[in-house]
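Working notes, structure below.
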Amino acid sequence: MRILVIEDERRVRSFLERGLVEAGFAVDVAADGETGSNLARVHPYDAIVLDLMLPKRDGLSVLAELRAAGRATPVLVLSARDEVDDRVRGLDAGADDYLAKPFSFAELLARLRALLRRGTARPSLLEIGDLRVDLVAHRAERGGQRLDLTAKEFALLEYLARHAGEVVTRTMISEHVWDMNFDSFSNVIDVYIRYLRKKIDEPFEKKLIHTRRGVGYVLAAEP
Ligand code: CA
């Protein structure tokens, strides 16, 4: 899942970026409203964390523009101004949730995960054959055996599992599992697919990750 953080306070921004990356998200950051708005237009983020008081363009106008363009990306608004007015204006402008500063990272993460689960009937446990992917505990097991995955491997598996049975292209993977520094000419996705196969498929007779040559990959119990 790929998140955009729009926040001008450097300390808060890097605190969020570090925490979200550790939690397995791909994260892009913007330090002002204009940059944030441009990034949000170009990349298909899974969620946006948006501060209200921003240089160049304030958060509310960024949000209003996003909604006017028909983008339904979940937006969590942050604001130091814990006033009812701001909260109401934020929600009126199309925010999905609101968090007043200062906040704990644990709370932000819980709210963000709730937003990501909302709307599209996303369950917290995905099962593909004997593979179980627990999206809340961030754990996966196959045949009852716990799989030891890195944060990035889990993020890739989560994306494949959310689209189980569908062909997932390299572009889709790069847009949702990697951040904007992703080099589209690198073979990093193939490398990570190889890592996943080693852990998920190699020890087992039945393979779950299937290659569609020239197109992408499918995670499915049947080829
Ligand atoms: Ca601010």
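The values are calculated or read from the model by the stated rules, or taken from the named source; none is laboratory data. None of these values were measured; they are calculated from a predicted model. Don't worry about glycine lacking a Cβ; one is built from the backbone with ideal geometry, like all the others, and counts go over all protein chains shown. Only protein heavy atoms, including side chains, enter the accessible area calculation; ligands, DNA and RNA are left aside. Shrake-Rupley method; radii C 1.70, N 1.55, O 1.52, S 1.80 Å.
Residues of segment 65-109 being of a type in the set (A, V, I, L, M) and farther than 17 Å from Glu7 by Cα, which ones?
Matches in segment 65-109: Ala68, Ala69, Ala72, Val84, Val88, Leu91, Ala93, Ala106.
In this structure, is Val191 out of contact with any Lys or Arg (no Cβ under 7 Å at 6 or more places or on another chain) and either open to solvent by less than 60 Å² (accessible area, probe 1.4 Å) or at pLDDT 95 or above (or both)?
yes
Hey, could you check segment 205-222 for residues that are among the charged types (D, E, K, R) and touching a residue at least 40 places away in the same chain (Cβ under 8 Å) and say which is nearest to Val167 (Cα to Cα)?
Here the answer is Arg212.
Within segment 70-103, restricting attention to residues that are at pLDDT 90 or above and away from the ligand (no atom under 16 Å from the Cβ), which residue is surrounded by the most Cβ atoms within 10 Å (Cβ to Cβ)?
Applying the filter and picking the extreme gives Pro74.
Quick one: which strands (runs of 3 or more DSSP E) sit completely within segment 1-68 and have at least 3 residues that are surrounded by 16 or more Cβ atoms within 10 Å (Cβ to Cβ), at pLDDT below 95 and within 14 Å of the ligand (Cβ to nearest atom)?
Per the criteria, no element qualifies.
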